[in-house]
Amino acid sequence: MLENKDYKVIGTRPIRHDGVDKVTGRALYGADFQMAGLLHGRVLRSPHAHAKIISIDTSRAEALPGVKGVVTAKDLPGAEDRIADLGEGAVNLKHLCDNVLASDKVLYKGHAIAAVAATNPHIAEEACTLIDVEYEVLPPVLEVRQAMEPDAPLLHETLKTTSMGETADEPSNVASHIQHKLGDPEKGFAEADVIIEREFVTGTVHQGYIEPHNATAHYNQDGQLTIWCSTQGAFTVREQVAEILQYPISKIKVVPMEIGGGFGGKISVYIKPVAALLAKKTGKPVKVLMNRADVFEGTGPTPASFIRVKMGATKEGKITAAQGYLAFEAGAYPGSPVGPGAMCIFAPYSIENVIIDGYDVVVNKPKTAPYRAPGAPNAAFGSETVLDEIAEKLGIDPLEIRLINGAKEGDRRADGPVHPRIGFIETVEAAKAHPHYTAPNGKKHHGRGVASGYWFNIGLESSVTINVNSDGTINLIEGSTDIGGTRASIAMQAAEVLGIPAESVNPSVVDTNSVGYTAVTGGSRTTYATGYAAYEAAQDVKRQMIARAAKLWEVDEANVQFADGEFSSINGKEEQISFRDLCARFGETGGPVVGSGTVNPGGAGGAYATHVVDVEVDEETGKVDILRYTAVQDAGKAIHPSYVEGQIQGGAVQGIGWALNEEYIYNAEGEMTNASFLDYRMPTCLDLPMIDAVIVEVPNPGHPYGVRGVGEVPIVPPMAAIANAVYDAIGVRMTELPMSPDRLLKAMGKI
Amino acid sequence: MRDFSYIAANTIPEAVALLDEKGESARILAGGTDLIVQVREARRDVDWMIDVKSIPEVNALDYNIATGLTLGAAVECYKIYADDAICNAYPGLIDATKIIGGTAIQGRAAVGGNLCNASPAADGIPPLIVLNASCVIAGPNGLRELPVEQFCTAPGQTVLEKGEMLVSLKVPAPKSNSSSFYLRFIPRNEMDIAVVGAGASVVLDDAKQTIVSARIGLAAVAPTPLFAEEASALLAGQEVSDAAIDEAAAAAQAIARPISDMRGTAEQRTHLVGVLTRRALNGAIERVREAT
């Protein structure tokens, strides 16, 4: 049930609670953590993309003065081939352990093999060079279509394809095949007046968070393990570490430090269990930091992919059928986001006949990790480019064709779910009415493109506790690490319920011992679900305070009402007390008030975005400049509009990087040759115009204030929007990402 | 990062003696923007860093309209582009000093250091080549001088012998009706390394219609930055025209021997040599014509 739209706090733009500490450099990040007796750990990584480990000899490293301990996969408890559920889906435990420290094979350059703890990081680094590893080097397989070939080198002898509940007999690099089917695609294509079918290739890209992974681990005398770290979810760290170390969750405390970006990449654990192993071996606290090359080579990027899209439409622009083929690189172990890609590919449209096949394929690259709407950007690059071509063929405005086919409440997605109230059409209408779309765009080599995107968003568990202070403020205790301003957006929802200003809420993100279970900051769920828990906790506080006022006035609770920050009695007695004054009287009315809220909501409500971009192409060099960018998005209800705009802008910028220059570049041996921010070319502020973020509000019926997650969908449209703009500028359809200058020169026939 | 020893030299003879004594294990430290990173990433083994920043000669920055520029090897980029007279005289050099690294790097990095680092992609070197600059080198046997285009011998390698160091760069005074221009191609707008770099200097006749002489320098298309001698010579005596410039650009392309790497492909680089040579020449000509 949606609350009244007349809000006092929601929709305003207070200064974020953590802002001053962050801009003055006082906020504490994992690398800042210090402790007496701290040792420093470094990880030895594989120089080969694919090799068998014949032997590991750590004796020379152990003999180096200053070295206190060396660990390898042998120090991990036996990891049989079993499945663990870590709150983000089932994970094969052997794969999880082997990705942390390789046991029998290395599957990508940068794969962790051993780790050293020493009295300083320089000694630890030197000791790594003294670990002797004997390898039997194997040929790497670096591309999804090659990995799917029957004679491709196999990464896992035991991996067999599962397809629609059946498991194949022979081992393969294809971990799984999924299929979604709706209607009769053959009949749908037969009804089409125009059919377009194209193939697309996208590169491996990294989230590029500015803060590398870090972890400090320490065992108390009583065996209590504490880990201070940068993570998107303290509880998922606890679960993963517990599984990998086979240690009870009750003996592990995870303390989330401030986080310098994650975008999905800080959910999987890498060095956290390694720091714990080193701490156990040495009996001292051990801090392990990654450098940038470690981050690129040793943590999960988002997959490269091969995609084929076929769409058919009538002369009037009605899409009659769509077919998608998605082959995603999982990296070294199964688990690419091909599932979400298949869910999202045609989700902006109401199409009667759809068939989608998805393949999860292992290759000799780091195991992929989530990255902002994982899978959906790859998929949308294909579908939104093909739709643009159909619109062009039919002479229909590209936004108009989206209005003709746009999904609405009650329409069914090809993978099953029926859409609740959604705001896709509204984003297209807002884009169409925006001055950007109506501005002239006739200059030579200038082009304009549009594209849309969908992300389903998730709910999951969140817990919030509110401790009410005697001065009328509240301490809000939460377990969601704050990446994008969620302390503010969660606090504001509690403030709205209690009729107090956002500044009267003191939010704290606390460790796993100090708050109820809370799932990761991911899936665009935090403002939605943890905000929902804060709403519930505040309602709990409100109920208890009504009881206190009733007690004070000796009236029935039903005769106390709360509005505009004032409790008052109705039906007879003329009593009134402010929220603040009542807080001062807890002592005489029964003691402290603590409210709590826990949720696992099912109504996350999907998010849609429609982007418009103008580009200029230098036909002599192949360089693309972004001249103007407008990103329209349905936020349901923007709790703190500045941070919604920030998410929209950030997603668009990461999409621009993905579109134009970002990619892992490999040599034939499978070594990444650009593992630095110098050569992995993310856009800088000098490469970007101001991104004009336009918020549309179609309230989500699954949240008391109508919130929809906003963090992920803005990265879905940019690649196709830019490709469509490049086509408009120079008449060449780019089907490979990134659209780097050399690829553009080739496509134009200049080289 | 491994341990190394730091020592500051106060005079040229002191620095030369130290270099001579320590040999291969020593390296001159000026801005350190390349050296420190290389040592930290274990790309260069150094036992001794000899800091030369307190030696007067390597900090010289003297420009005289008659005799030209003496640019000490350790003079930071920001000091060069802060000097209006130097900006007017050598705009091609200024183009480079403003794009090496970012603002913070330009506060430490020296053009002399850019030369000694001997990267094939160094932005500082093509402008020095096209400005006819020479290197003043001190060593155990005294001073010697050498044209900049002969200084680099391979990626990261120079002509410097045991005990030798770069003291300064000497740039001749600009001729009348002359100017220079440097540009590079990078896929982004800043904070990147040249995929290809091209510099040009031109001297026009008084009518500013005919090219009296020209010099073209290239980066990132061979193991060292190149002086495109034939391409330059083709322009002497030619009237300014697209045809003449195209011909020079084609000749510059002919000497490019690029590799394919993570920054660009060989064919892309060869193509860009043509584009950038044209743009550098046109840029320099435009600057002559704009000057009053």
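The values are calculated or read from the model by the stated rules, or taken from the named source; none is laboratory data. Because the structure is predicted, anything quoted here is derived from the model rather than measured. Here the Cβ is made from the backbone with ideal geometry for all residues, glycine too, and neighbour counts use every protein chain on show.
Checking each residue of the stretch B:232-243 against the condition of being under 20 Å from the mean Cα position of the chain (by Cα), at pLDDT 95 or above and not assigned by TED's automatic domain parsing to the domain that holds residue B:131 gives at least one match. Does residue A:134 satisfy the condition of being exposed (fewer than 15 other Cβ atoms within 10 Å of the Cβ) and part of a strand (DSSP E or B)? In short, yes. Among the residues of the stretch A:733-751, the ones that are of a type outside the set (S, T, N, Q), within 14 Å of another protein chain (Cβ to nearest Cβ) and assigned to a loop (DSSP other than H, G, I, E, B) come to 7 in all. Within this structure, residue B:279 passes the test of being within 14 Å of chain A (Cβ to nearest Cβ), within 19 Å of the chain's Cα centre (by Cα) and in contact (Cβ under 8 Å) with a residue 12 or more places away in the chain.
Considering only the stretch A:715-732, I want to know if a residue exists there that is surrounded by fewer than 23 Cβ atoms within 10 Å (Cβ to Cβ), outside any helix (DSSP H, G or I) and in the same structural domain as residue A:615 (by TED's automatic domain parsing). Yes - at least one qualifying residue is present in the stretch A:715-732. Taking the stated definitions as given, is residue A:236 farther than 27 Å from residue A:330 by Cβ and not basic (Lys, Arg)? Against the criterion (farther than 27 Å from residue A:330 by Cβ and not basic (Lys, Arg)), residue A:236 does not qualify. Residues of the stretch B:144-201 that are assigned to a strand (DSSP E or B), of a type in the set (A, V, I, L, M, F, W, C), more than 14 Å from chain A (Cβ to nearest Cβ) and surrounded by 18 or more Cβ atoms within 10 Å (Cβ to Cβ): B:152, B:165, B:166, B:167, B:169, B:171, B:181, B:200.
Screening the candidates A:478, A:503, A:496 for the property of being outside the structural domain of residue A:639 (by TED's automatic domain parsing), under 19 Å from residue A:236 (Cβ atoms) and among the charged types (D, E, K, R) yields one hit, A:478.
Across the stretch B:90-113, what is the total count of residues that are in contact (Cβ under 8 Å) with a residue 60 or more places away in the chain and either surrounded by 24 or more Cβ atoms within 10 Å (Cβ to Cβ) or over 22 Å from residue B:64 (Cα atoms) (or both)?
Residues flagged as in contact (Cβ under 8 Å) with a residue 60 or more places away in the chain and either surrounded by 24 or more Cβ atoms within 10 Å (Cβ to Cβ) or over 22 Å from residue B:64 (Cα atoms) (or both) within the stretch B:90-113 amount to 13.
Inspect the stretch A:659-671 for any residue being outside any loop (DSSP other than H, G, I, E, B) and under 20 Å from the mean Cα position of the chain (by Cα) and give the result as yes or no. Within the stretch A:659-671, one or more residues are outside any loop (DSSP other than H, G, I, E, B) and under 20 Å from the mean Cα position of the chain (by Cα). Whenever a residue of the stretch B:1-26 is away from chain A (no Cβ under 14 Å), its partners that are assigned to a helix (DSSP H, G or I), lying with C-beta atoms within less than 7 angstrom and at least six residues away or across chains, give the pairs B:7/B:18; B:9/B:15; B:9/B:18; B:12/B:57; B:26/B:18; B:26/B:19. On inspection, residue B:113 fails the criterion of being in a loop (DSSP other than H, G, I, E, B), within 20 Å of residue B:51 (Cβ to Cβ), modelled with pLDDT of 95 or more and not aliphatic (A, V, I, L, M). Of all residues in the stretch B:263-273, those being within 20 Å of the chain's Cα centre (by Cα), more than 7 Å from every other protein chain (Cβ to nearest Cβ) and of a type outside the set (D, E, K, R) number 1. One residue alone among B:260, B:241, B:213 is more than 14 Å from chain A (Cβ to nearest Cβ), among the hydroxyl-bearing types (Ser, Thr, Tyr) and exposed (fewer than 15 other Cβ atoms within 10 Å of the Cβ), and that residue is B:241. The set of residues in the stretch A:10-31 being surrounded by 14 or more Cβ atoms within 10 Å (Cβ to Cβ) and touching a strand residue (DSSP E or B) at 6+ places or on another chain (Cβ under 9 Å) consists of A:17, A:18, A:22, A:27, A:29, A:30, A:31. Only one of the numbered conditions (1) more than 21 Å from the chain's Cα centre (by Cα); (2) within 30 Å of residue A:262 (Cα to Cα); (3) of a type in the set (Asp, Glu) is violated by residue A:360, and that is (1). Looking at the stretch B:29-41, can you tell me whether even one residue there is touching a Gly at 6+ places or on another chain (Cβ under 7 Å), surrounded by 12 or more Cβ atoms within 10 Å (Cβ to Cβ) and away from every other protein chain (no Cβ under 14 Å)? Yes, some residue in the stretch B:29-41 is touching a Gly at 6+ places or on another chain (Cβ under 7 Å), surrounded by 12 or more Cβ atoms within 10 Å (Cβ to Cβ) and away from every other protein chain (no Cβ under 14 Å). Criterion first (touching a helix residue (DSSP H, G or I) at 6+ places or on another chain (Cβ under 6 Å) and surrounded by fewer than 17 Cβ atoms within 10 Å (Cβ to Cβ)) does residue A:60 satisfy it? So residue A:60 fails the test.
Counted as qualifying within the stretch A:578-652 are the strands (runs of 3 or more DSSP E) with 3 or more residues that are under 28 Å from residue A:725 (Cα atoms), namely A:607-617, A:624-634. Of all residues in the stretch A:290-311, those being buried (at least 21 other Cβ atoms within 10 Å of the Cβ), hydrophobic (A, V, I, L, M, F, W, C) and not in a loop (DSSP other than H, G, I, E, B) number 6. In the stretch A:685-716, of all residues being within 14 Å of another protein chain (Cβ to nearest Cβ) and touching a Lys or Arg at 6+ places or on another chain (Cβ under 6 Å), the one that is nearest to residue B:105 (Cα to Cα) corresponds to A:687.
For (1) surrounded by fewer than 24 Cβ atoms within 10 Å (Cβ to Cβ); (2) modelled with pLDDT of 95 or more; (3) in contact with a strand residue (DSSP E or B) (Cβ under 7 Å, 6 or more places away or on another chain); (4) within 14 Å of chain B (Cβ to nearest Cβ), each residue gets a yes or a no:
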site: A:623; (1), (2), (3), (4): yes, yes, no, yes
site: A:629; (1), (2), (3), (4): no, yes, yes, no
site: A:640; (1), (2), (3), (4): no, yes, no, no
site: A:643; (1), (2), (3), (4): yes, yes, no, no
site: A:647; (1), (2), (3), (4): no, yes, no, no
site: A:650; (1), (2), (3), (4): yes, yes, no, no
site: A:657; (1), (2), (3), (4): no, yes, no, yes
site: A:679; (1), (2), (3), (4): yes, yes, no, yes
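For the stretch B:244-257, which residues satisfy the criterion of being away from chain A (no Cβ under 14 Å) and within 24 Å of residue B:209 (Cβ to Cβ)? Those that are away from chain A (no Cβ under 14 Å) and within 24 Å of residue B:209 (Cβ to Cβ): B:244, B:247, B:248, B:250, B:251, B:252.
Quick check on the stretch A:245-270: of everything there that is over 23 Å from the mean Cα position of the chain (by Cα) and of a type in the set (A, V, I, L, M), which residue is surrounded by the fewest Cβ atoms within 10 Å (Cβ to Cβ)?
Checking each candidate, the answer is A:249.
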